[in-house]
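The values are calculated or read from the model by the stated rules, or taken from the named source; none is laboratory data. These figures come from a predicted structure and were not determined experimentally. In this analysis, Cβ positions are derived from the backbone assuming ideal geometry, glycine residues included, and neighbour counts consider all displayed protein chains.
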Amino acid sequence: EFTSNAILTFADDQKIDWHYIAPGKPTQNAFIESFNGRLRDELLNETLFPSLHHARVTLAAWRDDYNTERPHSRLGWKTPAAFAQTFAPQRGLTLRNPQSSAPAPVAQPAQSGKTHTRSLAHAG
């Protein structure tokens, strides 16, 4: 859904395999489809962002609420932060790098030569 040439280049640079779900099969990636829908319904469709800074600040506040304040039924009515600490306390007290929206890395990058070169469509 949120695809761009920049993310494909980043994935290649970091040796991350990129996999697409089959068209018309959102159940193959139900978690992220649900999350994206919730983000869109609760924030993106309801908010006008006058600047990139405003978008970043607003999204950070929504993300913090989603991860640390809002209990999730699928997690036994715990917040994601509290749930994460019940099974992986060795990862520290935070779910992610506070300076980034990217999650903390869990796995090592793929070995060289394991990714496929992609053709990027140029717009312009």
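If a residue has to be surrounded by 12 or more Cβ atoms within 10 Å (Cβ to Cβ) and either of a type outside the set (Gly, Ala, Ser) or farther than 27 Å from Pro26 by Cβ (or both) to count, how many in region 37-55 make the cut? So the answer is 9. In this structure, does Ala110 turn out to be loosely packed, with under 12 Cβ neighbours inside 10 Å and either in a loop (DSSP other than H, G, I, E, B) or modelled with pLDDT of 95 or more (or both)? The answer is no for Ala110. Scanning region 12-35 for residues that are surrounded by fewer than 12 Cβ atoms within 10 Å (Cβ to Cβ) and either assigned to a loop (DSSP other than H, G, I, E, B) or touching a strand residue (DSSP E or B) at 6+ places or on another chain (Cβ under 8 Å) (or both) yields a count of 8.
Among the residues of region 46-80, which ones are in a loop (DSSP other than H, G, I, E, B) and either within 15 Å of Ser34 (Cβ to Cβ) or not hydrophobic (A, V, I, L, M, F, W, C) (or both)? Passing the criteria: Glu46, Thr47, Pro50, Ser51, Arg70, Pro71, Gly76, Thr79. If you go through region 12-22 and keep only what is out of contact with any Leu (no Cβ under 9 Å at 6 or more places or on another chain) and within 20 Å of Glu33 (Cα to Cα), you end up with Asp17, His19, Tyr20, Ile21, Ala22. Which residues, taken from region 6-20, are at pLDDT below 85 and β-branched (Val, Ile, Thr)? If the condition is that a residue be at pLDDT below 85 and β-branched (Val, Ile, Thr), then Ile7 is the only one that fits.
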